[in-house]
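Peer 1: Quick one: the structure is below, and I'll ask about it shortly.
The values are calculated or read from the model by the stated rules, or taken from the named source; none is laboratory data. For clarity, every value in this text was computed on a predicted model and none was experimentally measured. Backbone-built Cβ (ideal geometry, glycine too); neighbour counts: all protein chains shown.
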Amino acid sequence: MDTSNTTLIVVVVVLLLVVGGIASMVMARKQRTKRLEERFGPEYDRAISEVGDQTLAEKELEERIAHVKALNIRSLSAEEVNSYALEWQETQRQFVDEPLKALQKADRLIREVMKARGYPVEDFEQRVADISVNYPNLVTDYRGLHRIAIKEGKDKVTTEDMRQAMVHGRTLFEDLMKQEPKEEQINQKEKI
């Protein structure tokens, strides 16, 4: 074999390796995107819209997962579950006469349950980022409930808006009261 054939073979092999590497990177990115879309649902699109860049948004979502994995999230004791459930029932009864106050109480109660479970609760945006990891389909509704609860009558909110917020808040509350999804189940979802 002469030098020109050897050089041509080396160039072709290098090009194939480069193309193969690029193809692998593209496939890995597509798999990451699919995994995050499936895990976060509508929160995935919201993150991209808010951040303005898909790669940065996906990095942020992966950081949320890592942050929640590092937390010491615990299940509630039977006594805590019973106490919080009774308080929620009282909050729902209060809704009939004082819907805004009931929503504010529901917002506070969700925050208390999150704190008892081990979530950091000082910052609202951190709370929604944390719950979006395990409760992605409920985080939008939680934002809505919180938005109404902090208005304190400043803006006109319909009774139907408050009723919907309370219903969505109850769903999140009930899910927070349940056992945390097993790490194996979450990891299996990520692999799909």
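Peer 1: Mind telling me which of the residues LYS105, LYS115, LYS30 ends up being over 19 Å from the mean Cα position of the chain (by Cα), part of a helix (DSSP H, G or I) and in the same structural domain as LYS151 (by TED's automatic domain parsing)?
Peer 2: Step by step, each of LYS105, LYS115, LYS30 is checked, and only LYS105 is over 19 Å from the mean Cα position of the chain (by Cα), part of a helix (DSSP H, G or I) and in the same structural domain as LYS151 (by TED's automatic domain parsing).
Peer 1: Which one is modelled with the lowest pLDDT, of the residues in segment 117-155 that are small (Gly, Ala, Ser) and within 21 Å of ARG64 (Cβ to Cβ)? If you could, list the steps in order and put the result at the bottom.
Peer 2: Residues of segment 117-155 small (Gly, Ala, Ser): 118, 129, 132, 144, 149, 153.
Subsequent filtering for residues that are within 21 Å of ARG64 (Cβ to Cβ) retains 118, 129, 132, 144.
Values: GLY118: 92, ALA129: 93, SER132: 93, GLY144: 88.
Among residues in segment 117-155 that are small (Gly, Ala, Ser) and within 21 Å of ARG64 (Cβ to Cβ), the one modelled with the lowest pLDDT is GLY144.
Peer 1: Report the residue count in segment 84-101 for those that are aliphatic (A, V, I, L, M), under 29 Å from VAL68 (Cβ atoms) and either in contact (Cβ under 8 Å) with a residue 60 or more places away in the chain or not assigned by TED's automatic domain parsing to the domain that holds ILE148 (or both).
Peer 2: So the count comes out to 1.
Peer 1: Quick one: count up the residues across segment 120-133 that are buried (at least 19 other Cβ atoms within 10 Å of the Cβ) and of a type outside the set (A, V, I, L, M, F, W, C).
Peer 2: 3
Peer 1: Could you list, in sequence order, the residues of segment 118-171 that are outside any helix (DSSP H, G or I) and under 12 Å from the mean Cα position of the chain (by Cα)? Before the answer, list the steps.
Peer 2: As a first pass, look at segment 118-171 and keep what is outside any helix (DSSP H, G or I): 118-123, 135-138, 150-158.
Residues satisfying the conditions are TYR135, PRO136, ASN137, LEU138.
Peer 1: Just a yes or no: is a residue in segment 75-93 surrounded by fewer than 18 Cβ atoms within 10 Å (Cβ to Cβ), among the β-branched types (Val, Ile, Thr) and in a loop (DSSP other than H, G, I, E, B)?
Peer 2: no
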